[in-house]
Amino acid sequence: MKNIDLKYYLASSLFCVIVFLFWLLGFPQAMNYQEQNQLFLFTNDYFWNDMRIAGGLADYISEFIVQFYYVPWLGALLLALMFVILQQLTWKLMKQHSDTYFPLSFLPALFMLWHMGDINTLLSFPVATILTMFAAYLARSMHRGFDLLIVPLLYWLVGPTVWIYVLLRCIEKGLKSFWAMAYLVGIQGLAYYAFLEQWPRDMVITGLNYYRIPMQTPMLQIVTPLSIVAVVAISRWIKSRMILTVISQATVIATASMAITDGYDSEMYELLKQDELVRKERWTEIIERAEKEQVQNAFSSQCVNLALAMTEQLPDRMFQFYQSGTDALLMPMVRDNTSNLPTAEAFFHLGMINESLRYMFDIQQSILNFKKSGRYTKRIAECYLINGNYAVASKHLTVLGQSLFYRSWAKEAATYLNRDDKMNTHPKWGKLRQLRYKEQFLYNYNEKDKMLGLLFTNNQQNRMALFYFMGQMLLDGNVQGFTQYMQWVQQYGGFTQMPAGYADAMKCIQAQGNLPGSEYANYVQRMMKEHEK
């Protein structure tokens, strides 16, 4: 018996290592994405704001854990431990009936891994699931009368995953506990009409913060809890048979395979990887990944072009990579929490501080579960510091000072408040103060080439603005403007000879687009075909 238990613990330990490596080496960008869409604060207001709705404790614990994603290995470790706890709780609930189907104890954890491939799945869901299972395990020896108190309390603490508890109690206690199902329906109805009427009813039923997009409930959010109930029911009612043991092992293997192949879209996660690298300013790695394979959309084009500009390769290599069109350098505003991130970052590095500020504000307000962001708040504070708006910058720094991983940065940044002399000598902020516009005007996206040209004339040392200005005219097909302003490249670009990309574009223009092998000609022909469609 001890040998069997040791074998089981070794299997769980191996599962822990695999999950740890899965997140750390395979999908650290997923952790980066989740961390940058919340800002956990160590304040009483933050705690009570979570606790005011059903599932608040699960939300608070999950947000506390997600902040540690800032350190990838630590986030991966915490996730691995959570998955093992989920598997072990499943096994303990099964084992009290039968110890035959150990492989099935991994099934709910694998469904959860599959479900978390959806980037809108919030950690509140697995946390709530674990808390519910733990409550069910502790209550296994309690009289069913205790459920009168436990069910409503558990519902408010973890949310609708309390259904797992009720169904497990029905399996444990039999038909006499089926009253708890009607009791829970009544509790949810009471909670909606008495405390949560401002929320859509469907969200109250399925979970307020299990999924980032309101009014949507993915199938795996239903399948995963049901798999817990199913494996416990199997261990309770089905006797040991060799064929069922084989089926259980095959089911686990098949689920693990589908979780990895179907749950994690390669293109989406490549875009998240590019965003992570942009955030960490790892420009060379962005280019290297795009050289191997590039996602063909505007988000990817912007990330790669920004990396090329920051390494001063944009004039030479821009059209060696996929260009989505006129939005390949800078995108118009899109109302979501991700699409405009490379544009906001490009604005910041160009010195278009007000536009970076505006985009970051809009991106943060587009987080659908109304959370703030450490990454976005930090950039917003930087923009206010560069603009010399110290009073507003101080407010954002105060908020960041109540967090864990942004506290030291906020404390250091606060030493620059009301210190123009110190700001002007900062290696990044001081430079951006010199690059930004000298006059106030309204930004017009449809005339972004003119905005970039004006940015360059304000400070002719802003070579990045010059690269973006010339690149934008090529994307727009503004042949006359590109030819006219080539003198700027010769005078201010710092090149001993014409950049290869510009030389290719000039040959293409002179050949009126009929230049086989030309990278720019290929772009023009592709745009013409797409326009015809």
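The values are calculated or read from the model by the stated rules, or taken from the named source; none is laboratory data. For clarity, every value in this text was computed on a predicted model and none was experimentally measured. Reconstructed Cβ throughout: ideal geometry from the backbone, glycine too, with neighbour counts over all protein chains shown. All accessible areas refer to the heavy atoms of the entire protein, side chains included, with ligands and DNA or RNA removed. Shrake-Rupley method; radii C 1.70, N 1.55, O 1.52, S 1.80 Å.
Based on this model, can you work out whether Ala182 counts as in a helix (DSSP H, G or I) and within 30 Å of Glu63 (Cβ to Cβ)?
no
What number of residues in the range 65-101 are part of a helix (DSSP H, G or I) and either among the hydroxyl-bearing types (Ser, Thr, Tyr) or more than 30 Å from Lys280 (Cα to Cα) (or both)?
Qualifying residue count, the range 65-101: 14.
Hey, among the residues in the range 493-522 that are polar (S, T, N, Q) and in a helix (DSSP H, G or I), which one's most open to solvent (accessible area, probe 1.4 Å)?
Gln510
Looking only at the range 477-533, which residues are of a type in the set (Lys, Arg) and in contact with a Cys (Cβ under 6 Å, 6 or more places away or on another chain)? If you could, list the steps in order and put the result at the bottom.
As a first pass, look at the range 477-533 and keep what is of a type in the set (Lys, Arg): 507, 526, 529, 533.
None - no residue of the range 477-533 is of a type in the set (Lys, Arg) and in contact with a Cys (Cβ under 6 Å, 6 or more places away or on another chain), so the list stays empty.
Only one residue in Ala80, Ala54 is aliphatic (A, V, I, L, M), at pLDDT below 95 and crowded, with 19+ Cβ neighbours inside 10 Å. Which one?
Within the list Ala80, Ala54, the selection yields Ala54.
What's the total number of residues in the range 41-51 that are open to solvent by 40 Å² or more (accessible area, probe 1.4 Å) and either without any contact (Cβ under 8 Å) to a residue 40 or more places away in the chain or in contact with a strand residue (DSSP E or B) (Cβ under 7 Å, 6 or more places away or on another chain) (or both)?
Number satisfying all stated conditions: 5.
State whether the residues of the range 165-184 include one that is of a type in the set (Asp, Glu) and open to solvent by less than 80 Å² (accessible area, probe 1.4 Å). Outline the logic, then answer.
Narrowing the range 165-184 to residues of a type in the set (Asp, Glu): 172.
With the extra rule that they be open to solvent by less than 80 Å² (accessible area, probe 1.4 Å), the set shrinks to 172.
Scanning the range 165-184, I find at least one residue that is of a type in the set (Asp, Glu) and open to solvent by less than 80 Å² (accessible area, probe 1.4 Å), so the answer is yes.
In the set Gln490, Gln480, Gln525, Gln472, which member is assigned to a helix (DSSP H, G or I), touching a Lys or Arg at 6+ places or on another chain (Cβ under 9 Å) and not small (Gly, Ala, Ser)?
Checking each option against the conditions leaves just Gln472.
So which residues in the range 385-439 are in a loop (DSSP other than H, G, I, E, B) and hydrophobic (A, V, I, L, M, F, W, C)?
Leu404, Phe405, Leu417 - these are the residues of the range 385-439 that are in a loop (DSSP other than H, G, I, E, B) and hydrophobic (A, V, I, L, M, F, W, C).
Does any residue in the range 213-234 that is over 16 Å from Thr251 (Cα atoms) and without any contact (Cβ under 8 Å) to a residue 40 or more places away in the chain come within less than 8 Å, Cβ to Cβ, of a residue that is in a helix (DSSP H, G or I) and not polar (S, T, N, Q) six or more places away or on a different chain, and which pairs are these?
Qualifying pairs under 8 Å: Met215/Asp202; Met215/Met203; Thr217/Asp202.
Considering the range 320-343 alone, what residues qualify as being surrounded by 24 or more Cβ atoms within 10 Å (Cβ to Cβ) and part of a helix (DSSP H, G or I)?
Leu341, Pro342, Thr343
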